[in-house]
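*Asks:* Please read through the structure below; I'll follow up with questions.
Each value in this text was obtained by applying a stated rule to the coordinates, not by laboratory testing. This one's a predicted model, so the numbers in the text were calculated from it and none came from an experiment. Glycine also receives a Cβ, built like all others from the backbone with ideal geometry; neighbour counts cover every protein chain displayed.
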Amino acid sequence: MSAHLDPIFESPLGGLSHEGNISIHDLTKRHRWGLRGKGAAETLRIQGWDIPEQPNRLVASKNETFVMALSQREFWVLDPHNDTAALAMSNDFTRDAYPLFCQSSHAWLVLKGCQTSALMAKVCGVDLRPEAFKVGDVAQTQMALISCIIVRHELAGNDVFSIFVDQSYGEYVLEALLDARREFL
């Protein structure tokens, strides 16, 4: 059985894309949900999801989705290919796992381009160069003084960064990224 979830928030960024040597795409309205709790990992496994073996990792899973482990008890399922209108989240939860509505809480930006690591060095203190931050790595850190989650992964054959920030900071973070990327245009 599944429940259909209506998005509570529209994207504060309007779903826009900013093209260039470093492209920034708003995927806030794309499908994602999460589980938290002692039984979250087991619940996802039973439902057929591939999950990371350790926290702060992301793996490709079924149907071109990703599963991100933020801790041993918190997982997000990310679907960059489908809008929230198609969002259906299983409600086969136990008392040891409960849903996270990260769809409604976080804006999702994707950065693409060969100089994204250099751009990110301007706004984030974590070393995100490919030799230090591999595909599938997750950093829970700060960017432009805002708490965020940064993930390196492949999307449509491209090496990208996904950035998740609280919805209320979405516009601010986009402005910081657009300002930092001016040097690379």
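*Asks:* Which distance in nm do the two modelled labels at Cys114 and Leu145 give, with both placed 7 Å along the Cα-to-Cβ direction?
*Replies:* In this crude label model, Cys114 to Leu145 measures out at 3.5 nm.
*Asks:* Subtracting the Cα-Cα distance from 0.36 nm times the residue separation, let me have the gained length for Lys134 to Asn56 in nm, one decimal.
*Replies:* 26.9 nm
*Asks:* Tell me the angle of helix 170-181 to the major Cα principal axis of the chain, expressed in degrees between 0 and 90 and rounded to the nearest ten.
*Replies:* Once rounded, one gets 40 degrees.
*Asks:* Counting only helical runs of four or more DSSP H residues, what would the 222 nm mean residue ellipticity of the chain come to if each run contributes -39,500 (n - 2.57) and the total is spread over all its residues?
*Replies:* So the helix-based figure for the chain works out to -4500 deg cm²/dmol.
*Asks:* A follow-up question, please. Leaving out same-chain residues fewer than 8 places away, which aspartates and glutamates sit with a Cα under 18 Å from that of Lys29?
*Replies:* The reachable aspartates and glutamates, counting only those whose Cα sits under 18 Å from Lys29, are Asp6, Glu10, Glu64, Asp79, Asp83, Asp166, Glu171.
*Asks:* Name the residue farthest towards the positive end of the dipole of the chain from the options Leu174, Leu70, Leu27, assuming +1 on Cβ of Lys and Arg, -1 on Cβ of Asp and Glu, about the Cα centre.
*Replies:* Leu70
*Asks:* Return the distance in nm (one decimal) between the two label points of a simple spin-label model at Ala121 and Leu185, each offset 7 Å from Cα along Cα→Cβ.
*Replies:* Result: 2.2 nm between the two label points.
*Asks:* Let me ask something additional. Straight-line reach from Lys112: which aspartates and glutamates fall under 13 Å, measuring Cα to Cα and dropping same-chain residues less than 8 apart?
*Replies:* Here the aspartates and glutamates satisfying the reach criterion relative to Lys112 are Glu19, Asp26, Glu154, Asp159.
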